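Below you'll find the structure, written out as structure tokens, and then a few comments.
The values are calculated or read from the model by the stated rules, or taken from the named source; none is laboratory data. All figures in this text were calculated on a predicted structure; none of them were measured in a lab. Cβ coordinates were reconstructed from backbone atoms using ideal geometry, including for glycine residues, and neighbour counts include every protein chain displayed. Protein only, heavy atoms only, side chains kept; ligands, DNA and RNA dropped before computing areas. Shrake-Rupley method; radii C 1.70, N 1.55, O 1.52, S 1.80 Å.
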Amino acid sequence: MQRLKQPMPPQSRRRQRGISLIESLIALVVAALGILGVVGVQMRTLTDTSTTVRRAQAIRLIEDLGERMKANPNALAVIDNYLSDFSHNPTPTNCPTNGCTNAQQAAYDLAIWKQSVKVLPLGQARIFTPPAEKGLNAAQKRQLGVMLAWRENEADTSSAYKDAIDTTKIKDGENYLDGAGTEAVCPANFTCHLQYIPVSARCAPYNPSGGAVGATTQFYCAGS
């Protein structure tokens, strides 16, 4: 005679259901950790991309200033008129309509350029005389230092904005120090890009005898 199987006690059935629930919870936790890891990688990638874009914008802005100086034939002669501090925000004059002097043209280019710097988050700029040219008169200077500063959207644990990607800093062990001298100190909680640009001279032919045939042509260079 075949024996019938005894039904499983209710306690055992409940215990098996509990084991299945625990396994499901563990799977959910593992899946959640994996998703959080992917999101973290994506956020880090977005941050790095944003920093790269801003760095490229800063380089292009400095190139734009250099092109403006090249377009001004007397930029070298009025090189000191391009000097500007972070807090200096000049208002553009009506130079294109009314005409202007060499100094006014430099002031106009500087004002327009400083407005374009605001495309960076809290963007500001400083133009200064490089340390190597300190003490020289305007006719002897040949380059300018340009520093662009903007605010990053990432802070470290001390609530201070990161400066590890600041091109004005040099690394000394675990610390980042100002390495560009006192003339180019990045503002606190800002990231900066520092670059030195040459100011070229444009020379024009000049005939001292008023255009007489056979007269020797000389060249006049701004700032000479």
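Is one or more of the residues making up segment 134-152 open to solvent by 30 Å² or more (accessible area, probe 1.4 Å), under 22 Å from Leu83 (Cα atoms), at pLDDT 60 or above and assigned to a strand (DSSP E or B)?
The answer is yes, given that some residue of segment 134-152 is open to solvent by 30 Å² or more (accessible area, probe 1.4 Å), under 22 Å from Leu83 (Cα atoms), at pLDDT 60 or above and assigned to a strand (DSSP E or B).
Residue-wise test of (1) touching a residue at least 60 places away in the same chain (Cβ under 8 Å); (2) assigned to a loop (DSSP other than H, G, I, E, B); (3) open to solvent by 60 Å² or more (accessible area, probe 1.4 Å); (4) basic (Lys, Arg).
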position	(1), (2), (3), (4)
Thr52	no, no, yes, no
Asn74	yes, yes, no, no
Asp80	yes, no, yes, no
His88	no, yes, yes, no
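Does segment 28-78 hold any residues that are modelled with pLDDT under 85 and either polar (S, T, N, Q) or touching a Leu at 6+ places or on another chain (Cβ under 7 Å) (or both), and which are they?
Selection gives Gln42, Thr45, Thr47, Thr49, Ser50, Thr51, Thr52, Asn72, Asn74.
So, in segment 90-110, how many residues would count as being of a type in the set (A, V, I, L, M, F, W, C), part of a helix (DSSP H, G or I) and either in contact with a Ser or Thr (Cβ under 8 Å, 6 or more places away or on another chain) or surrounded by fewer than 15 Cβ atoms within 10 Å (Cβ to Cβ) (or both)?
Of the residues in segment 90-110, 3 are of a type in the set (A, V, I, L, M, F, W, C), part of a helix (DSSP H, G or I) and either in contact with a Ser or Thr (Cβ under 8 Å, 6 or more places away or on another chain) or surrounded by fewer than 15 Cβ atoms within 10 Å (Cβ to Cβ) (or both).
Can you find a residue in segment 117-132 that is within 17 Å of Val199 (Cβ to Cβ), open to solvent by 30 Å² or more (accessible area, probe 1.4 Å), without any contact (Cβ under 8 Å) to a residue 60 or more places away in the chain and over 20 Å from the mean Cα position of the chain (by Cα)?
yes
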